[in-house]
1. Quick one: is Glu206 outside the structural domain of Ala142 (by TED's automatic domain parsing) and more than 17 Å from His147 (Cα to Cα)?
2. Are any of the residues in the range 61-70 free of Cβ contacts under 8 Å to residues at least 12 places away in the same chain and either of a type outside the set (Val, Ile, Thr) or out of contact with any strand residue (DSSP E or B) (no Cβ under 9 Å at 6 or more places or on another chain) (or both)?
3. Name the residue, out of Arg160, Arg192, that is surrounded by fewer than 17 Cβ atoms within 10 Å (Cβ to Cβ) and either among the hydrophobic types (A, V, I, L, M, F, W, C) or modelled with pLDDT under 95 (or both).
4. Of all helices (runs of 4 or more DSSP H) completely enclosed by the range 158-199, which ones contain at least 1 residues that are over 23 Å from Leu210 (Cα atoms) and either without any contact (Cβ under 8 Å) to a residue 60 or more places away in the chain or basic (Lys, Arg) (or both)?
5. Looking at the range 23-39, which of the residues that are of a type in the set (D, E, K, R) and in a loop (DSSP other than H, G, I, E, B) is farthest from Ser122 (Cα to Cα)?
6. Run Val127 past the list (1) closer than 20 Å to Gln89 by Cβ; (2) assigned to a helix (DSSP H, G or I); (3) more than 13 Å from the chain's Cα centre (by Cα) and report the number of the one that doesn't hold.
7. Mind listing whichever residues of the range 113-146 are small (Gly, Ala, Ser) and surrounded by 14 or more Cβ atoms within 10 Å (Cβ to Cβ)?
Amino acid sequence: MPPTAHATVYIVDDDAIVREGMAWLLRSRRLLSESFDSADAFEAMLHNPHGPLSGAWPREAGCILLDVRMPGQSGLALFEKLTASGLAQAWPVIFLTGHADVPTAVDTVKRGAFDFCEKPFSDNALVDRVEQALAVSQTRLASRQIHQGLSMRLAELTERERDVMQLVVEGLPNKLIADQLDISVRTVEVHRSRVFDKMNVKSAVELANLLREL
């Protein structure tokens, strides 16, 4: 799934020349970016009530280009926080690293970072990975929206409708559902119809597939 036009690359690096160069490179590929000179400055943006986050997860796709070594809070320390909050999943992290930090960067990839690029890096290769990270972010955000929508629909079901739904998904006919729940077949039919309406499906197979996604 391609990222939306509002997808943003967040550049976190204490070197102004690197930030400016990265921003120019991303503009050349028509990608939006925001730059931060420290991990603390980036965190302050995350906590801004008018910033890009909505609750724990962002509204738009993004990825983070994160320098490993910076004065103050390091990129590694920030990555640990992003991983713990789940934001590193929503916005994949690509580490920017010097040769001496390559083993550390490899370890962070094993712990959930999207990738690392060693300085000096190939401009085209880096932006290609950025575009891939943005596409991953867009897919994950879309999947989360779908799951949230399903959860909201499930929450609208009554306890009896849930009971009927479970047995419908298991493939039981209305008569057996009625016997198992000690209700009439007509009542099963009514509950079944309401379940299909609330879950926006037209068949038991479609309902089962929907719940499997959730």
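The values are calculated or read from the model by the stated rules, or taken from the named source; none is laboratory data. Model, not experiment: these values are computed from the prediction. A quick note on method: Cβ atoms are made from the backbone with ideal geometry, for glycine too, and the neighbour counts reach across all protein chains shown.
1. Working: outside the structural domain of Ala142 (by TED's automatic domain parsing): yes; more than 17 Å from His147 (Cα to Cα): no.
The answer is no for Glu206.
2. Going through the range 61-70, the residues free of Cβ contacts under 8 Å to residues at least 12 places away in the same chain turn out to be none.
Looking through the range 61-70, none of the residues is free of Cβ contacts under 8 Å to residues at least 12 places away in the same chain and either of a type outside the set (Val, Ile, Thr) or out of contact with any strand residue (DSSP E or B) (no Cβ under 9 Å at 6 or more places or on another chain) (or both).
3. Details: Arg192 fails: surrounded by fewer than 17 Cβ atoms within 10 Å (Cβ to Cβ).
From the options Arg160, Arg192, the qualifying one is Arg160.
4. Output list reads 174-181, 185-199.
5. Within the range 23-39, the subset of a type in the set (D, E, K, R) is 27, 29-30, 34, 37.
Keeping just the survivors that are in a loop (DSSP other than H, G, I, E, B) gives 29-30, 37.
Details: Arg29: 14, Arg30: 18, Asp37: 22 Å.
The residue in question is Asp37.
6. (1)
7. First, pick out the residues of the range 113-146 that are small (Gly, Ala, Ser): 113, 122, 125, 133, 135, 137, 142-143.
The answer is Ala113, Ala133, Ala135, Ser137.
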